[in-house]
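What follows is a single structure, written as structure tokens, with notes after it.
The values are calculated or read from the model by the stated rules, or taken from the named source; none is laboratory data. Nothing here was measured: the structure is a model prediction, and the numbers come from that model. All Cβ positions, glycine included, derive from the backbone under ideal geometry; neighbour counts span all protein chains shown.
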Amino acid sequence: MTTDAPDPDGSADASSDTGVQLRLFPVHTVLFPGMPLPLHIFEDRYKLMIGECVRDELPFGVVLIRKGSEVGGPARVHPIGTVARIEQVEKLDDGRMNILAFGEHRFRITEIVQQEPYMSARVSFLPQLVSDLEEDELVDLSGAVGRAFLAYDRLTALVDRDWEVQDDLPHDATDIAYLVAAVMPLSPREKQALLAQDSVDTLLKTERNALTQRSFHHRAILAARRHVAQREDEHGKMPRRSQLN
């Protein structure tokens, strides 16, 4: 995963990128680097903002709402977000758009400089995740998390038939960590805490623990279903309890 951060004209510069102004899109979801984000753009302020980004080939910032709504007035947002690069645009009636953006780099808001017609901020770009582990130790840890995730993925597909199983996983430890963080059904607050991590070691270890707990929960659900199915095979379906009106 590249660490180069986009500068205001949309190009990439590996030098220190502080004080860059970025248009912000506050949402109730967390975007991780390398992950896709489909958006339906229908509010006038965001039709204007995204239209400018498309015209000038500029990225925008995605930030989780701390307090407020996606629709309507200004919202309070978490300080750490992710730069989003627009890859696909479908223009609809009345200036509405469907877009597909991909996360690139994390950033920290240093100053909100504009609230109307849309939010804009001065940001500093955060560095790539660091590791205190030796290379082989990091490979072992990310491999263990990848295997735990694939096992959880298969169990989830058995519990939830609408769940889409991942075909494969990336090889890079940071990419694995961000994919797992994006796909796992965590709350926005939990995902924001993962996005804020600067250590890939901590991120992977947190995910390994969460995967272990959730896989145990799924196995318990499947065991209970098998027990119910066995009882029904032996004794027939139990009548439903009558409900009081």
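Between a first residue in the range 160-184 that is within 19 Å of R214 (Cα to Cα) and a second residue that is part of a loop (DSSP other than H, G, I, E, B), which pairs have beta carbons less than 6 Å apart while being 6 or more apart in sequence or on different chains?
Close Cβ pairs satisfying both conditions: I176/L169; I176/P170; Y178/F32; Y178/P33; Y178/G34; A181/F32; A182/F32; A182/M35.
Would you tally the residues in the range 132-156 being closer than 30 Å to H217 by Cα, surrounded by 16 or more Cβ atoms within 10 Å (Cβ to Cβ) and touching a residue at least 60 places away in the same chain (Cβ under 8 Å)?
Here the count works out to 9.
Could you please find all residues in the range 160-178 being modelled with pLDDT under 95, aliphatic (A, V, I, L, M) and surrounded by 15 or more Cβ atoms within 10 Å (Cβ to Cβ)?
L169 - this is the single residue of the range 160-178 that is modelled with pLDDT under 95, aliphatic (A, V, I, L, M) and surrounded by 15 or more Cβ atoms within 10 Å (Cβ to Cβ).
Going by the conditions given, is E70 at pLDDT below 95 and under 20 Å from S187 (Cβ atoms)? Walk me through how you get there before you give the answer.
Values: at pLDDT below 95: yes; under 20 Å from S187 (Cβ atoms): yes.
Against the criterion (at pLDDT below 95 and under 20 Å from S187 (Cβ atoms)), E70 qualifies.
So that you can scan it fast, the table gives a plain yes or no per residue for (1) crowded, with 19+ Cβ neighbours inside 10 Å; (2) at pLDDT below 95; (3) not assigned by TED's automatic domain parsing to the domain that holds G34:
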| position | (1), (2), (3) |
| --- | --- |
| V83 | yes, no, no |
| L92 | no, yes, no |
| N98 | no, no, no |
| F102 | no, no, no |
| F107 | yes, no, no |
| A121 | yes, no, no |
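Does the range 127-145 contain any residue that is more than 15 Å from L203 (Cβ to Cβ) and either touching a Ser or Thr at 6+ places or on another chain (Cβ under 6 Å) or of a type in the set (S, T, N, Q) (or both)?
no
Please note which helices (runs of 4 or more DSSP H) are completely contained in the range 126-214 and include at least 3 residues that are touching an Asp or Glu at 6+ places or on another chain (Cβ under 9 Å).
Details: elements: 135-159, 173-183, 188-195.
Qualifying helices (runs of 4 or more DSSP H): 135-159, 173-183.
Which count do you get for residues in the range 23-82 that are touching a Gly at 6+ places or on another chain (Cβ under 9 Å), farther than 24 Å from Q128 by Cα and among the hydroxyl-bearing types (S, T, Y)?
0
Could you please find all residues in the range 84-102 being in contact with a Lys or Arg (Cβ under 8 Å, 6 or more places away or on another chain) and at negative phi?
Listed by number, the residues that qualify are R96, M97, A101, F102.
For a quick check of your reading of the model, give me the residue pairs whose first member lies in the range 212-231 and is surrounded by 13 or more Cβ atoms within 10 Å (Cβ to Cβ), whose second is not in a helix (DSSP H, G or I), with beta-carbon atoms closer than 9 Å and at least 6 apart or on different chains.
So the pair list comes out as R214/M184; R214/P185.
So L31 ticks every box in (1) of a type in the set (A, V, I, L, M); (2) part of a strand (DSSP E or B); (3) under 22 Å from the mean Cα position of the chain (by Cα) but one. Which box is left unticked?
Unmet for L31, out of (1) of a type in the set (A, V, I, L, M); (2) part of a strand (DSSP E or B); (3) under 22 Å from the mean Cα position of the chain (by Cα): (2).
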